Amino acid sequence: MSEPNHTSPNAQSSTDAAPRPYRRVIDAHVHWYPQAFVDLMVRKGPSHGAVMGEDAKGNPVVVSVPGCTQKSNMRKTMTNLDDIIADMDKRKVDAYALSMTNPLVYWAPAGFGLELAAAHNDACVDAHRKYPDRFYGCIVLPMQDVRLAAQELERMAKHACMRAVFIAEHIEGKNLHEREFWPIYERAEALGLPLFLTNLYPTGAERMKDFFMLNTLGNPQEAGYAATSLVCGGVLDAFPNLEVFLPHAGGTFPWLVGRLDLGIAVSPELEHMKKPASEYLRRFHYDLITHHAQIMRNLIDLVGADRIVAGTDFPQAMSVKQPVDFVESIPGLTQREREMILCENPARLLQIQP
C-alpha cells in the first residue's frame, strides 16, 4: 500500500469532495504491538513467566504475566502498518504517536524487559522511516531497572522521531514520586521530551472484577493516583520544565482537585506543599477520553483549550473512535480551538510539524 499524500491542508479523498477543515490531525495516544515484540513474547515470554495462547483467529494472546492475570490480545491489526494506516484514514487522522499497552515490560526480568522495550522502540524508528509523515514513537523503558532504563533512553533519544518518554502510572505498584525514578525525569526534562503516562493493571483489581469496573473506574483512577503522586511528591517542582501527558483526560485528578486543595490546607501529611494542587492543573496535558462532550467542555473551561491534546487510546475497546467528530461535538468550541486540540497542541507537545 502506498503512503497517502497528506502534505496539503486542503487534500481531498475520493470519498470526501469537500476540503478538509483541519490541517494535520495528530493522535498522540495510540497503541500497537510491533511484530518484533510479538515474536519475542511468543518465543521467549514463557521462559520468563508469561503464559501465552491464541484467540480464535490465531492472534497471539498474553494470557497472563507475573503479577497480573489480565489478558492482552496482540491482534494483527495492531501490528501491520498498512492496516494501521487504513484505520487512520477512516478516522480522518494524519499522524500517530505510537506506544505500547499492556503487558508492557515491567513484569519481566530486567534484561528481558530491556530486550522487549528495545524491540518496541526500534520498530517505532522503522515505522517512521517507512512512513515519515504518519508515525512517531514513544520511548518504552524497562523501569524495573532504572540504570537500564536510562541506558535505553539515551540510545533512543538520538532518534528525532522518538518524541516522548512512555511510562505507566505505577511501576510494579510503586508510585511515580519515588526517588529512584527521578533520574529518568531529570534526563527527560534535559532532553526536552515529554512524559507520557499510561494505565497498567489498576490497583484494587479484586474490588473491580464485576461490571467492567476495572476499565470504567480503574483506569481513570490510575491517572488520579499518578497526577497526585507527581504533584505532592515534588516531581513537578523539581523538574519545572517537564511536560506531562495524562491519559483518560486526567482521570479523577481534575475533578477532585478541590478536595486535594482542602487536604493540603488541613492535613499534616501535606504540610510540605507550598501551593494548592489546583495551581498544578496546567502542568499537565489532557487527552480526549471522557466519552462525554459536556464533561470535555468542563475540562476545557478548567484547564484551557491549549492543554487539551487529541489522544484516543485507539484501537482499544474504550477508545475515542472518531476524534474529529468528538471534538466537533464539544459545545461552544470555536474553529480555532478545534484546530488547537486536533492539530496544534499535539504537534507542540511532540515537537513535530503541525
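The values are calculated or read from the model by the stated rules, or taken from the named source; none is laboratory data. This is a predicted model, so every value here is computed, not measured. Every residue, glycine as well, gets a Cβ built from its backbone with ideal geometry; the counts of neighbours run over all protein chains shown.
Can you find even one residue in segment 12-29 that is modelled with pLDDT of 95 or more, surrounded by 15 or more Cβ atoms within 10 Å (Cβ to Cβ), of a type in the set (D, E, K, R) and within 28 Å of PHE196 (Cα to Cα)? Within segment 12-29 (the criterion being modelled with pLDDT of 95 or more, surrounded by 15 or more Cβ atoms within 10 Å (Cβ to Cβ), of a type in the set (D, E, K, R) and within 28 Å of PHE196 (Cα to Cα)), the answer is yes, since at least one residue qualifies. Contact map, segment 155-181: residues that are on the phi > 0 side of the Ramachandran plot paired with residues that are assigned to a loop (DSSP other than H, G, I, E, B) and at pLDDT 95 or above, Cβ distance under 7 Å, separation 6+ or inter-chain. Pairs shown: GLU172/TYR106; GLU172/GLN144. Does GLY311 fit the bill of being closer than 30 Å to ILE84 by Cα and assigned to a loop (DSSP other than H, G, I, E, B)? Yes: the conditions hold for GLY311. If the condition is being polar (S, T, N, Q) and crowded, with 21+ Cβ neighbours inside 10 Å, then segment 303-354 contributes THR312, ASN345. If you check ALA36 against the conditions, is it in contact with a strand residue (DSSP E or B) (Cβ under 8 Å, 6 or more places away or on another chain), of a type in the set (Gly, Ala, Ser) and either modelled with pLDDT of 95 or more or within 30 Å of ASN345 (Cα to Cα) (or both)? No; evaluated as a whole, the condition is false for this residue.
Scanning segment 206-222 for residues that are free of Cβ contacts under 8 Å to residues at least 40 places away in the same chain and not basic (Lys, Arg) yields GLU206, MET208, ASP210, PHE211, PHE212, MET213, LEU217, GLY218, PRO220, GLN221. From the residues in segment 142-163 that are assigned to a loop (DSSP other than H, G, I, E, B) and of a type outside the set (S, T, N, Q), which one is surrounded by the fewest Cβ atoms within 10 Å (Cβ to Cβ)? Across segment 142-163, the extreme among qualifying residues is LYS158. Checked against (1) in contact with a Pro (Cβ under 6 Å, 6 or more places away or on another chain); (2) free of Cβ contacts under 8 Å to residues at least 24 places away in the same chain, GLU269 passes all but a single condition, namely (1). In this structure, ALA190 does not qualify as aliphatic (A, V, I, L, M), surrounded by fewer than 16 Cβ atoms within 10 Å (Cβ to Cβ) and more than 23 Å from PHE284 (Cβ to Cβ). Scan (1) more than 25 Å from ASN102 (Cα to Cα); (2) of a type in the set (D, E, K, R); (3) surrounded by 22 or more Cβ atoms within 10 Å (Cβ to Cβ) for the single condition GLU271 breaks and write down its number. Condition (3) is where GLU271 drops out. Residues of segment 252-262 include at least one that is within 14 Å of ALA277 (Cβ to Cβ), under 18 Å from the mean Cα position of the chain (by Cα) and in a helix (DSSP H, G or I). In segment 41-71, what residues are within 24 Å of the chain's Cα centre (by Cα), surrounded by fewer than 19 Cβ atoms within 10 Å (Cβ to Cβ), in contact (Cβ under 8 Å) with a residue 12 or more places away in the chain and under 21 Å from VAL140 (Cα atoms)? Matches in segment 41-71: VAL61, SER64, PRO66, GLY67, CYS68, GLN70. Can you pull out the residues in segment 239-251 that are in a loop (DSSP other than H, G, I, E, B), out of contact with any strand residue (DSSP E or B) (no Cβ under 8 Å at 6 or more places or on another chain) and within 16 Å of PRO202 (Cβ to Cβ)? Once the filter is applied, which keeps residues that are in a loop (DSSP other than H, G, I, E, B), out of contact with any strand residue (DSSP E or B) (no Cβ under 8 Å at 6 or more places or on another chain) and within 16 Å of PRO202 (Cβ to Cβ), segment 239-251 yields only GLY251.
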